[in-house]
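The values are calculated or read from the model by the stated rules, or taken from the named source; none is laboratory data. As the structure is a computational prediction, the values presented were derived from the model and not from experiment. Here the Cβ positions follow ideal geometry from the backbone for every residue, glycine too, while neighbour counts run over all protein chains shown.
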Amino acid sequence: MVTEPENKELKSIIIDKIRKKGRITFAEYMDMALYHPVHGYYNSSGEKIGKDGDYYTSPHVHPVFGQLIARLLYQMWNIMGEISDFTIVEAGAGKGFLCCDILDYARRQLPDFYESLTYNIIEISSHFSATQKELMKSHSDKNKVIWYSPDDFGKRDFCFNGCYLSNELLDSFPFNMVKMEEGRLKEVYVTLNKSGFMEELGELSTPALEQYFTNLDITLEEGQKAEVNLGIFDWLKEIHSAMGKGFVITIDYGYTADELFAPYRTDGTISCYYRHTVNHNPYIRPGFQDITAHVDFTTLIETGEKMNLKKTLYLEQYRFLIALGLLDTIDDLEKNKHNLSILEYYKEKLAMKNFLMPGGMGVLFKVLIQQKGVEDKIKLKL
Ligand SMILES: C[S@@+](CC[C@H](N)C(=O)[O-])C[C@H]1O[C@@H](n2cnc3c(N)ncnc32)[C@H](O)[C@@H]1O
């Protein structure tokens with residue numbers, strides 16, 4: 001029998017909590033597994049992202065991802081009248097690659113824009129904040145980059161104009177789990193049996209779960225399970241109240257609600273990542289594996305519209321990157337290949353092509369752009 005690595009301290013903290021309460025919601029379980037201040041996955045020191053970690057994200061595939069987004073941010077700055085205090089807020093910056101690629105590109109290619117911008121990072125993990133600060137040393141003059149914890153950012157009472165950006169943030173928000181049983185929506189709770197954690201169905205912990213599906217006019221099939229990310233409502237409210245004028249770019253894997261909650265998706269989309277393998281069991285390796293679920297873009301779009309965050313664009317990531325010039329960048333690489341060793345050339349080209357692979361991250365990932373208080377639309381060559 002293979003024994004899975006597990007964080008014994010974290011496991012006993014979760015078990016204690018379940019003993020005290022009887023059972024906990026899946027969101028409470030996930031919050032401890034990922035964000036316990038000492039033992040949670042995101043607060044522990046092991047590698048998470050990249051070759052020696054558990055998964056790759058787009059900024060780790062190739063810097064062109066951040067460079068193309070830098071061009072879009074530049075266009076947003078133009079639309080907003082080239083204001084001298086353009087603020088980029090990136091939430092959940094991981095190892096900081098996206099921020100670094102955007103700032104490096106802006107400093108090199110768009111110096112006026114670079115002068116006018118400030119980059120704010122909201123990061124829940126003290127471990128990642130430390131890594132980001134190290135990486136961003138060359139941009140540390142004039143307070144170019146400022147860090148906040150999510151709590152500090154929420155408490156801050158100033159208003160920013162610019163762009164709020166996130167890549168793979170929302171899929172890691174703790175979510176509740178529900179299941180349709182005998183025609184009624186039930187909640188999946190986490191409790192204990194002799195060998196460890198087990199699931200148990202019970203009444204909904206909050207009417208917001210039922211309301212979520214009513215708003216979407218979706219009824220799950222008998223026996224169908226689904227994840228519900230209630231955190232996105234407060235998240236959107238916070239962005240809306242902190243932003244004077246500007247744009248919100250949300251990049252993540254997900255679908256519109258009709259696809260996400262389609263009857264054939266009987267077990268939802270929960271996925272756990274460990275050493276570049278995927279499994280669907282969040283109860284193994286607590287504290288050592290990432291837990292995620294796909295994002296419901298319909299709820300993000302509709303909730304945004306109600307608060308005047310207007311949808312500008314929703315599309316697959318590969319189309320977004322092509323519209324920003326990915327193919328031209330690959331062409332430029334072809335033209336300049338004599339400056340690179342044959343190995344470097346293929347390494348670069350293959351890395352960039354990852355964004356275009358049929359069925360790969362370019363299709364799975366979606367990009368949503370919303371805007372507030374800005375009339376002009378961004379122009380992409382779609
Ligand atoms: C899947 S990683 C993505 C990292 C990075 N954006 C990338 O693309 O490589 C999720 C990131 O979000 C952070 N995070 C999770 N919840 C957060 C929250 N509520 N506020 C700020 N950061 C959060 C994690 O610590 C981590 O840095």
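Name every residue in segment 214-239 that is more than 16 Å from the ligand (Cβ to nearest atom) and over 25 Å from Asn281 (Cβ atoms), in order of residue number. Spell out how you get there, then give the answer.
Just the residues of segment 214-239 that are more than 16 Å from the ligand (Cβ to nearest atom), to begin with: 214-226, 228.
Once the filter is applied, which keeps residues that are more than 16 Å from the ligand (Cβ to nearest atom) and over 25 Å from Asn281 (Cβ atoms), segment 214-239 yields Thr214, Asn215, Leu216, Asp217, Ile218, Thr219.
Only one of (1) under 27 Å from Glu82 (Cβ atoms); (2) in contact (Cβ under 8 Å) with a residue 24 or more places away in the chain; (3) part of a helix (DSSP H, G or I) fails for Lys377. Which number is that?
Of (1) under 27 Å from Glu82 (Cβ atoms); (2) in contact (Cβ under 8 Å) with a residue 24 or more places away in the chain; (3) part of a helix (DSSP H, G or I), only one is false for Lys377: (3).
So, Phe26, is that one within 13 Å of the ligand (Cβ to nearest atom), within 21 Å of Leu169 (Cα to Cα) and at pLDDT 95 or above or not? Let's see the steps before the verdict.
On the way: within 13 Å of the ligand (Cβ to nearest atom): no; within 21 Å of Leu169 (Cα to Cα): yes; at pLDDT 95 or above: yes.
Here the answer is no, as Phe26 does not meet what is asked.
Checking the condition of a type outside the set (A, V, I, L, M), under 15 Å from the mean Cα position of the chain (by Cα), on the phi < 0 side of the Ramachandran plot and not in a helix (DSSP H, G or I), which residue from Thr250, Thr219 passes?
On the way: Thr219 fails: under 15 Å from the mean Cα position of the chain (by Cα).
Just a single option satisfies the conditions, and that option is Thr250.
When you check Arg184 against the structure, is it among the basic types (Lys, Arg) and touching a residue at least 40 places away in the same chain (Cβ under 8 Å), yes or no?
Working: among the basic types (Lys, Arg): yes; touching a residue at least 40 places away in the same chain (Cβ under 8 Å): no.
Criteria not met by Arg184.
Looking at segment 114-129, I want the residues that are free of Cβ contacts under 8 Å to residues at least 40 places away in the same chain and within 9 Å of the ligand (Cβ to nearest atom) and have a partner that is in a loop (DSSP other than H, G, I, E, B) and among the charged types (D, E, K, R) with Cβ atoms under 7 Å, at least 6 apart or on another chain. Which pairs are those?
Taking only residues 6 or more apart or on different chains, the pairs are Ser129/Glu123.
Can you list residue pairs whose Cβ atoms sit under 6 Å apart, with the first residue in segment 163-178 being closer than 17 Å to Asp31 by Cβ and in contact (Cβ under 8 Å) with a residue 40 or more places away in the chain and the second being assigned to a loop (DSSP other than H, G, I, E, B) and more than 7 Å from the ligand (Cβ to nearest atom)? Count only pairs 6 or more apart in sequence or on different chains.
Close Cβ pairs satisfying both conditions: Phe173/Asn229; Phe175/Asn229; Phe175/Ala293.
What is the residue count in segment 63-101 for residues that are away from the ligand (no atom under 14 Å from the Cβ) and among the aromatic types (Phe, Trp, Tyr)?
Here the count works out to 3.
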